[in-house]
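To start, the structure itself, in structure tokens.
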Amino acid sequence: MSVLDRLRALLPKNACLSGPAQLLVYECDALTHFRTRPLAVVFPASTEDVQSIVRICRDEGVPFTPRGAGTGLSGGATPAEGGVLIELSRMNRVLSIDAESRLAVVQPGLINAHLSDAARPYGLHYAPDPSSQTACSLGGNVAENAGGPHGLKYGSTERHVLAVKAVLSDGRVVMLGHPTGTSHGLDLRGLFLGSEGTLGIATELVVRLTPNPEVTETLLAPFRTLRPACEAVSTLIREGISAAAIEALDDRTIAAVEASVFRAGYPTDAGAVLLIEFDGTEEDVGESVARTRALLEAAGAMSISSTRDPEQRKVLWRGRKGAFGAMGRLAPDLYVQDAVVPRTKLPEVLEKVCAICDAHGLRLANVFHAGDGNLHPNISYDGRDPDEVERVVRAGREIIEACLAVGGSLSGEHGIGLEKQEFMPLLFNDDDLDAMKRVRDVFDPTRLMNPGKVIPTPRACTETRPPKAVGT
Amino acid sequence: MSGALHDTLRNMLGADALVRDPDHPTPVVTPVDAAGIAAVVAAARTHGIAVVPIGTGRGLRTRRDAREALLLSTRRMNRIVAHEAGDLTLTVEAGASLRDIARVVGGAHQFVAIDPVHEHSTIGGALAAARDGAFAGRCGPVRDQVLGMTVVNGDARITKSGGRVVKNVTGYDLVRLYVGSLGTLGILTEVTLRLRPLPERHAVLVRDFETYALAFDVARRLRHEIADLTTLHVVVGIDGATARIRAGVAGFTRSVAATLDRIRKAADGTWALSESASAPTWIPPAVGTYRVAVVAPHSRWATLGPSIDALFGSFVPTIHDVLRGERIFGCDGPPPSARMAALDVLAASADARVLLLDDPSFESVLAATMPAQLPDGLDLMRGIKRALDPDGILAPRSTLAD
């Protein structure tokens, strides 16, 4: 029997796709830059299904790649050539909530925002909030160690996933971590988080739930240009202001947002706006807002408005979270870069990023997690223009080099995937990368599990196409 | 240590790098940089001797592997490499003491959220043991305070992972493996830490109760009703207290005052207030020669607590970290194996874990785990050990070494 025959025998008819038209949409994730058509897409319904699929693939020497909602921006869920794509979207249940312990047990295909919906009756929520949280899956968040605006206060996914039930490349099931967050021996759970589906396939997660804050207040502070806005962020950090989120949008992003369905009322005459949120007790939020107002005024904010009204706050965040979608108006295609720099370096690096894009004649818009130095330079372009595509690729590399030159890193929340493999040697030497390879081989000696991700490998099996529009 | 190895080390590092230790049969090697550590590890491989990394060496009492090994101390690697106050990051060498680190970053009104095990703790020792202290309830566990590190692996290669930025998903996070690995995978040479702003005010409310059960009921309520507690402990049989709640609050002066009022309103009674100008930590007093820690989900403690009392007695010195769901109690000698076995059964039924804190070898840590989780997890750990320390020369008597 062929691999396909064995998979069809294992799964219901609608849980195994192999027709060319059916496979088309699974050729890539939200980074459409790289496309590969899988042999088949399968939809397991249980841990046992995943075990069986993995064993079939291993027996037949066929590579396999786990996939959540396909919203990843680094190509982490791009299938391998001739491989099987294991789609976990049908494993999407909340299995239990222990409100007193502030824990939930969930399946990996659960949509991020749906967990907070389920926890709301208990006065709890799930804190990591990627911009794609209404679409992205928790399993995908685990694979990429996803962040989000409120990661500034609450941390990325790693801080909130306490235990992972995972299927290894030989079909074994292991439980990594513990609901109490304690490590037993080596912290295998911490290693697994952000490993991009190369060490195992998560089939069940124990996650931490966070009490809803007593008070939440959101500030909007426009600036004439981006530089003083970034300097204001550095000041807030230096002065010990502990915000839940500090986000920045530049003038191009503001224009795109205000011209779109995500319109939030950002002032279009500003060179940049800061969106700052505080949550906590009445006294803590009140004190934080008062001090922040004073610092922002001193930093040259054009005005400062704030609101605790849930609907008004929702509108302000709609603009930020819809920014990538809004940029679809600027050009047919969009390339979202993701890099991190020390927070004091934000002003100088952003100027460098602008200069790089100007030099290449590219249209740049910035919207980013300023509070933790996580940049998202977005380059709008026309993918039908090979020359422009080439310039986008060159600018992307120069932006990364500029970030690394000031002590930054390759990714804050999107991961390495296929996109940034080639940059890994800029940050790590051969010995560093070899240590990672040796650890990977402990989990997957056959190297069939999501091959070609994280660690640099030749891209012989992946078709590279011009970057396409993405959403986050 | 053979004469040949002694000569090799002296020639490589200089005579002053070999220091006599009254408690150890062979000299302690004290390199001054990562290259020196790599040279020592390479020489040890060649001569077939194990290497045990130490900070100040105060943890040696509990290391069963130390007497047969070459002791490598990072005491001469104690530089503050870079304090980026504006970025809230600090890069230091492994031998820097937590006390020195606190002094340096305290000058910028910052602190590192890692509790010292004792007053001389080095950062290397604290990260190797990764014993979460009072900070962990509010700031996260020890591993969350580490942004990046450089180590010398068992094959003498110098490798780094992580970075110097506060948000990073670049490659496998090997930092997570090294923190808490007791030096079994690599010897830490340099680390970048996350800093936090020192709170304006740090205050602790203390109140005594007649029984542990009464105190615990109030503490549970406080955890539920007061969102911004920094620490919350129930202490039994220590400093003359039958059962005492310690509730710590840190932050803006005005916020702290409001939270203290909330605590008093939530649990009417006589609370004593103490203030601290230092970081919002608390180093709990010793509860016994041998400490047992049980950590469980919060919802399990209502039934688990009385069961532990029935097994070990309700008046043994105890510290219950209510925010973390961890109860530590002390014994004057090694706990009887029959009681430990019964405790393991209790723990397994309550989704809890049991740790023996004064024997930090993986043998004791793993022996107390839930059997159902052991085989595959331990197998993976041993595989990682072989991958990063192929000859098994780092902490060779740990369970990880097979």
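Observations, loosely collected:
- Identity of the residue in region A:237-255, in a helix (DSSP H, G or I) and within 11 Å of another protein chain (Cβ to nearest Cβ), that ends up farthest from the chain's Cα centre (by Cα): A:ARG238
- Some residue of region B:172-192 being of a type in the set (Phe, Trp, Tyr) and under 18 Å from B:LEU72 (Cα atoms): yes
- Residue ranges of strands (runs of 3 or more DSSP E) in region B:313-400 with at least 2 members within 10 Å of chain A (Cβ to nearest Cβ) and at pLDDT below 90: B:353-356
- Within region A:320-344, restricting attention to residues that are farther than 11 Å from A:PRO377 by Cβ and touching an Asp or Glu at 6+ places or on another chain (Cβ under 8 Å), the residue that is surrounded by the fewest Cβ atoms within 10 Å (Cβ to Cβ) is A:PRO332.
- Of the helices (runs of 4 or more DSSP H) entirely within region B:111-196, those holding at least 3 residues that are more than 30 Å from A:SER74 (Cβ to Cβ) occupy B:123-129, B:136-139.
- The combined condition, being at negative phi, surrounded by fewer than 24 Cβ atoms within 10 Å (Cβ to Cβ), within 11 Å of chain B (Cβ to nearest Cβ) and of a type in the set (S, T, N, Q), is fulfilled by A:THR180.
- Where A:THR216 falls short, out of the listed (1) surrounded by fewer than 20 Cβ atoms within 10 Å (Cβ to Cβ); (2) of a type outside the set (A, V, I, L, M); (3) over 30 Å from A:VAL62 (Cα atoms); (4) facing chain B (nearest Cβ under 8 Å): (4)
- The residues of region A:1-31 that are of a type in the set (Ser, Thr, Tyr) and either crowded, with 19+ Cβ neighbours inside 10 Å or at pLDDT 95 or above (or both), listed by number, are A:SER18, A:TYR26.
- Exactly one residue out of B:ASP132, B:ASP115, B:ASP155 is farther than 12 Å from B:THR189 by Cα, touching a helix residue (DSSP H, G or I) at 6+ places or on another chain (Cβ under 7 Å) and of a type in the set (Asp, Glu): that is B:ASP132.
- If you go through region A:128-157 and pick out every residue that is of a type outside the set (A, V, I, L, M), buried (at least 24 other Cβ atoms within 10 Å of the Cβ) and over 18 Å from A:GLY319 (Cβ atoms), you end up with 12.
- Extreme residue, surrounded by the fewest Cβ atoms within 10 Å (Cβ to Cβ), among residues of region B:210-227 that are in contact (Cβ under 8 Å) with a residue 12 or more places away in the chain and acidic (Asp, Glu): B:GLU210
- Leading residue by the ranking (farthest from the chain's Cα centre (by Cα)) among those in region A:56-71 that are assigned to a loop (DSSP other than H, G, I, E, B) and among the aliphatic types (A, V, I, L, M): A:VAL62
- If the condition is being among the basic types (Lys, Arg) and closer than 29 Å to A:THR344 by Cβ, then region A:404-460 contributes only A:LYS420.
- Subset of region A:239-257 (residues that are in contact (Cβ under 8 Å) with a residue 60 or more places away in the chain and of a type in the set (D, E, K, R)): A:GLU247, A:ASP250, A:ARG252
- Taking (1) within 10 Å of chain B (Cβ to nearest Cβ); (2) hydroxyl-bearing (Ser, Thr, Tyr); (3) touching a Lys or Arg at 6+ places or on another chain (Cβ under 6 Å) in turn, A:SER131 satisfies each apart from (1).
- Pick from region B:82-104, criterion over 20 Å from B:LEU174 (Cα atoms) and within 12 Å of chain A (Cβ to nearest Cβ), ranking: surrounded by the fewest Cβ atoms within 10 Å (Cβ to Cβ): B:ALA82
- Any chance B:THR184 is closer than 28 Å to B:PRO31 by Cα and within 9 Å of chain A (Cβ to nearest Cβ): yes
So that you can scan it fast, the table gives a plain yes or no per residue for (1) small (Gly, Ala, Ser); (2) surrounded by fewer than 22 Cβ atoms within 10 Å (Cβ to Cβ); (3) assigned by TED's automatic domain parsing to the domain that holds B:ARG244:
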| site | (1), (2), (3) |
| --- | --- |
| B:ILE123 | no, no, no |
| B:ALA136 | yes, no, no |
| B:ASP144 | no, yes, no |
| B:GLY154 | yes, no, no |
| B:LYS160 | no, yes, no |
| B:ARG176 | no, no, no |
| B:THR184 | no, no, no |
| B:LEU205 | no, yes, yes |
| B:ASP208 | no, yes, yes |
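- Of all residues in region A:8-42, those being more than 23 Å from the chain's Cα centre (by Cα), in a loop (DSSP other than H, G, I, E, B) and under 20 Å from A:LEU110 (Cα atoms) number 0.
- Of all residues making up region B:294-325, the number that are farther than 13 Å from A:GLU100 by Cβ and either in contact with a Ser or Thr (Cβ under 6 Å, 6 or more places away or on another chain) or not assigned by TED's automatic domain parsing to the domain that holds B:ARG353 (or both): 1
- Test: A:THR307 is of a type in the set (Ser, Thr, Tyr), crowded, with 22+ Cβ neighbours inside 10 Å and at negative phi: no
- Condition met for A:GLU258 (surrounded by fewer than 24 Cβ atoms within 10 Å (Cβ to Cβ), within 14 Å of chain B (Cβ to nearest Cβ) and not β-branched (Val, Ile, Thr)): no
- Qualifying residue in region A:300-318 (condition: among the hydrophobic types (A, V, I, L, M, F, W, C), within 14 Å of chain B (Cβ to nearest Cβ) and assigned to a helix (DSSP H, G or I)): no
- Only one of the listed residues (A:VAL393, A:VAL389) is in contact with a Gly (Cβ under 8 Å, 6 or more places away or on another chain) and surrounded by fewer than 21 Cβ atoms within 10 Å (Cβ to Cβ). That residue is A:VAL389.
- Within region A:412-431, restricting attention to residues that are surrounded by fewer than 22 Cβ atoms within 10 Å (Cβ to Cβ) and of a type in the set (Asp, Glu), the residue that is farthest from the other protein chains (Cβ to nearest Cβ) is A:GLU422.
- Qualifying residues in region A:164-177 (those that are surrounded by 24 or more Cβ atoms within 10 Å (Cβ to Cβ) and within 10 Å of chain B (Cβ to nearest Cβ)) - the one modelled with the highest pLDDT: A:ALA166
- In region B:216-231, the residues that are more than 14 Å from every other protein chain (Cβ to nearest Cβ) and either more than 17 Å from B:ARG324 (Cα to Cα) or at pLDDT below 95 (or both): B:THR231
The values are calculated or read from the model by the stated rules, or taken from the named source; none is laboratory data. If you're wondering where the values come from, they're calculated on a predicted model, not measured in any experiment. Note that each Cβ is placed from the backbone with ideal geometry, even for glycine, and that neighbours are counted across all protein chains shown.
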